[in-house]
Amino acid sequence: MGVRGKSRVAFLALVLAVFVATWYFGFERPILADIPQGMDLRGGVYVVLEGVATPEEPVTLEHMRKAVEIIRFRVDELGVGDTTVQLKGEDRIIVGLPGLGDPDKALGVIGRTALLEFLDDESLGLREAGEPYTAIVTGAHLVEAQAAIEAGRNVVLLSLNPEGTQRFADATARLIGRPIHIVLDGEVVQSPIVQDHIPGGNAEISGYGTLEEANEVAIVLNSGALPVELKVIETRSVSATLGQDSVERSGRAAALGVALVAAYMLLYYRGAGLVANVMLMAFVLLLLGLLAAVNAALTLPGIAGIILSVGMAVDAQVIIFERIREELRLGKKLRSAIDAGFNRALPAILDGNVTTLIAAAVLFYLGADRVRGFAVTLSLGIMTSMFTAVVLTRQALGLLVRADLLRATKFFFGV
């Protein structure tokens, strides 16, 4: 098989691959199902927390900022996409958790102080009497907490740092036959009897009904104790009804827009427009794949970013094809016109896309969470559109030239 035959096979294989991938990821295994939706599309839980000052611990801006980071770590560990954790004023924190329908579950993770202490009988008595006491081990000595199933029990396994290991070993050697009280947020959750000296720096907390419950405790312990007490001043569940309606209307708008653009490209650029439409399908697949890969949550502003990036992808194709048409009108051969057209179009495409990327970076750095979602989808769309226009489209047209399928330039470029 000569170069012409190989090029024809390669071009047909490229087109077939795009159509098969579109069918598979569009209908057989929808890739949209792998992209998490934001609160504006699927509802969730909205919580407002307020710092509570005590005589020992006043509410400061530094404490609230640290609390924001701790809460952000906790909600990230929950595996919820597109979470919102932001400081409002100097003493309030706003938390948005899309997809969660149980406010109590959210509060059990984000608002828990997570103060862990191991106490002997004497220290527990002093604590209950409101007098100063010394804990055997605290959360400051914790290296890692992990939920697990041990001998059919749901437990939280604790690993201690060297100092905590030594303190725990000394205590277990001293308290054989006596209890060690495990206290979490002021509540005695377990009082196991010490059976033997434990020098390894490992302990466990048991008594949880489900592994999920144990995992929630492990999450709050790993994040560390909140530096200030937080009070819930507002909790509400956000309905997803409006979000579903918005998704359907946005989907119809996107489908109509893509159909009109595809029709225009076919009518104006003819055969080259068909190639552009195939590359547009590849662009959408690549963009959605990237969004799924980086676990970017889909929000209404994000959908707007996708639609805008589709327009920019088509714009890049238009610039390229117009440059090729200009070269053909100058009398150049088809291969030379395509090479010259791409070379002339590249600076304009780069200038336009780089300036838009700079604007998206500013939006991401200075904007709120919803604006950041728009900036992320727009940035990924711009980079994907440059790849499909500059690399994939050029390769497709090159294959057509080598396959000797572009003899009638009037059919393919209208010139």
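The values are calculated or read from the model by the stated rules, or taken from the named source; none is laboratory data. Given the structure is predicted, the values throughout are model-derived calculations rather than measurements. Methodologically, a virtual Cβ is constructed for each residue, glycine included, from the backbone with ideal geometry; neighbour enumeration extends over all protein chains shown.
Quick notes on this one:
- Looking at Arg4, Arg65, just one residue is loosely packed, with under 15 Cβ neighbours inside 10 Å, modelled with pLDDT of 85 or more and not acidic (Asp, Glu), and that residue is Arg65.
- Residues in the range 359-368 that are in a helix (DSSP H, G or I), farther than 17 Å from Ile306 by Cα and among the hydrophobic types (A, V, I, L, M, F, W, C): Val362, Leu366.
- Checked against (1) more than 20 Å from Leu157 (Cβ to Cβ); (2) among the charged types (D, E, K, R); (3) out of contact with any Gly (no Cβ under 8 Å at 6 or more places or on another chain); (4) at pLDDT below 80, Glu229 meets all criteria but (3).
- Answer residue from the range 263-289, given it is within 23 Å of Val376 (Cβ to Cβ) and in contact with a Phe, Trp or Tyr (Cβ under 9 Å, 6 or more places away or on another chain) and is surrounded by the most Cβ atoms within 10 Å (Cβ to Cβ) among those: Phe283
- The number of residues in the range 293-350 being on the phi > 0 side of the Ramachandran plot and among the aromatic types (Phe, Trp, Tyr) comes to 0.
- Put simply, of Ala292, Ala340, Ala313, Ala359 the only residue that is crowded, with 19+ Cβ neighbours inside 10 Å and either aliphatic (A, V, I, L, M) or farther than 26 Å from Leu399 by Cβ (or both) is Ala313.
- Test: residue in the range 313-332 that is assigned by TED's automatic domain parsing to the domain that holds Thr388, within 32 Å of the chain's Cα centre (by Cα) and among the small types (Gly, Ala, Ser): yes
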